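Student: Sharing a structure, written as structure tokens. Questions coming.
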Amino acid sequence: MVAVIGGGPAGLMAAEVLSAAGRRVEVFDAMPSVGRKFLLAGRGGLNLTHSEAPALFLSRYGNRRTEVGAWLDAFGPQQLREWAQGLGVETFVGSSGRVFPTEMKAAPLLRAWLHRLRGAGVVFHARHRWLGWDADGALRFDTPAGASKVGADATVLALGGGSWARLGSDGAWVPLLAARGVRIQPLRPANCGFDVPWSEHLRRHFAGRPVKAVRAAFVAPDGTRIEREGEFLITEHGIEGSLVYALAAPLRDGIEAAGGATLQLDLAPGRTLQRLTDDLAHARGRDSLSNHLRRRAGIDGVKSALLHECATADDLAGPARLAAIIKALPLRLLAPRPLDEAISSAGGVDFAALDETLMLRAVPGTFCAGEMLDWEAPTGGYLLTACLASGRAAGRGVLRRLAEAQAAQ
């Protein structure tokens, strides 16, 4: 029997690979049901993957593109779409290039998937929290019926990262693996919001308001300039949203390196600096500065509030300086929001602790998959694609090990 611990996308994919090869598989999950984070992530529209060119897609995994790329060679975006179709779930490419199920929901896909897994003989055990190993190597669980032990020919750990603990990804596995000598990089927030020291006025009047059609730039400690365009949300504590998540990794790393980070906001990305300067050079007449900004630059509402929040009086004094600050408004970020608020986490099992099949060198016969590995990616389908691909890779690794063991007998 092969034990898969963790019923998220990576664990379920490992179970599928193993059961399809005729192996007896049992899935153990600490929650009352499997796929809880998957279902919540798909509540607003399940973003399965992305249709962009392979080289650009791979670049989203940063310094782990080589490791993740090995998984994607076998199960990339196109294979994922074909897999979904095999479950009766058709997909389409949205205007942003993101790929969604036609129904836009996660539940139909998960139901079809679980039905197929059960039909292949996969057995599921809910409310089974993994507690590590006993002295003889058996898997220990805390269950509603009390403590239990399970023997397995091989194990796949797909326990998630450290975000959204209420859905099962609580990082409780870290000390269990560390005690076995597995090298683990600290879990850190990824795809997260950031703290900003807002004034009471801005917090009271604009928390919850979206800031649309902006371009954000950040100069990393190594001098690399990173830019993205989109929208984000003002929160009581700072900022969050798709544009922020796209820059979260370098912003987080910059804060860790320097104690803070400055995000530059272009509040008028559709206008050049020269055009904006010319527009603002028109005589104001009796217009207030707010009306002038609205009429001549399209800056009002929350954008106007941000401008007054972050600019100095001198910045607002003349058309040239005013245009310059609108095109590069400095927003000081103090810290990423707590790990449990993040969409995903960085850090986890170091790749040096794994062999090429994703087996732990320190615990032979135990494989790891999904977000508990030390990689990260922005939202946009990249996270789910790599989780599924890693589960497939781990499952194939188990099959290889079991085949080798059988051949040696």
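Student: Work out the length of the dipole vector of the chain about its Cα centre, built from +1 on the beta-carbon of each Lys and Arg and -1 on the beta-carbon of each Asp and Glu, and round it to the nearest 20 debye.
Tutor: Computed charge dipole of the chain: roughly 760 debye.
Student: Express the Stokes-Einstein translational diffusion coefficient of the range 194-336 in µm² s⁻¹, to the nearest whole number, given a Kirkwood radius over alpha-carbon pairs, 37 °C and a viscosity of 0.692 mPa s.
Tutor: Result for D is 211 µm²/s.
Student: Which of the GluC sites (Glu not before Pro) across the range 328-384 are loop residues per DSSP, with 15 or fewer other Cβ within 10 Å?
Tutor: Those satisfying the criteria are Glu356.
Student: What's the angle, to the nearest 10 degrees (0 to 90), between helix 77-86's Cα axis and the longest principal axis of the chain?
Tutor: That works out to roughly 60 degrees.
Student: Further question on the same structure: In terms of Cα to Cα distance under 28 Å, which lysines are near enough to Lys327, apart from those fewer than 8 places away along the same chain?
Tutor: Lys212, Lys303
Student: Here's something else I'd like to know. Of the options Gly260, Leu289, Ile325, report the single residue whose Cα projects farthest towards the positive end of the charge dipole of the range 194-336 (beta-carbon charges: Lys, Arg +1; Asp, Glu -1).
Tutor: Going by the Cα projections, it comes out as Leu289.
Student: Okay, moving on. What lysines sit close enough to Lys149 to cross-link, taking a C-alpha to C-alpha distance under 28 Å and skipping anything fewer than 8 places away on the same chain?
Tutor: Excluding near neighbours in sequence, the set is Lys37.
Student: Out of Ala207, Ala281, Ala323, any idea which swings most in a Gaussian network model of the chain, alpha carbons joined below 10 Å?
Tutor: Ala281
Student: One-quarter of the Cα convex hull surface for the chain, in nm²?
Tutor: Taking a quarter of the hull surface, the average projection is 22.5 nm².
Student: Any idea what the relative contact order of the chain is, in percent, if you count C-alpha pairs under 8 Å spaced at least 6 apart?
Tutor: 24
Student: To the nearest 20 debye, what charge dipole does the range 194-336 have about its Cα centre, counting +1 at the Cβ of each Lys and Arg and -1 at the Cβ of each Asp and Glu?
Tutor: 600
Student: I'd like the antiparallel share, as a percent to the nearest 5, of DSSP beta bridges with both residues in the chain.
Tutor: Of all bridge pairs located within the chain, approximately 75 percent are antiparallel.
Student: Radius of gyration and Dmax for the range 87-197's Cα atoms, expressed in Å?
Tutor: 18.8, 55
Student: Which whole-Hz ³J(HN,Hα) couplings does the range 256-270 yield from phi under the Karplus relation 6.51 cos²θ - 1.76 cosθ + 1.60, θ = phi - 60°, glycine and proline marked x?
Tutor: Taking θ as phi minus 60°, the curve returns 5, 7, 10, x, x, 8, 10, 9, 9, 10, 9, 7, 9, x, x Hz for the range 256-270.
Student: Given the options Ala3, Ala70, Ile239, identify the residue whose Cα lies farthest towards the positive end of the charge dipole of the chain (+1 on Cβ of Lys, Arg; -1 on Cβ of Asp, Glu).
Tutor: Going by the charge dipole, the pick is Ile239.
Since every read-out is calculated from the coordinates, none of them should be taken as a lab result. Keep in mind it's a predicted model, so treat the numbers as computed, not measured. All Cβ positions, glycine included, derive from the backbone under ideal geometry; neighbour counts span all protein chains shown.
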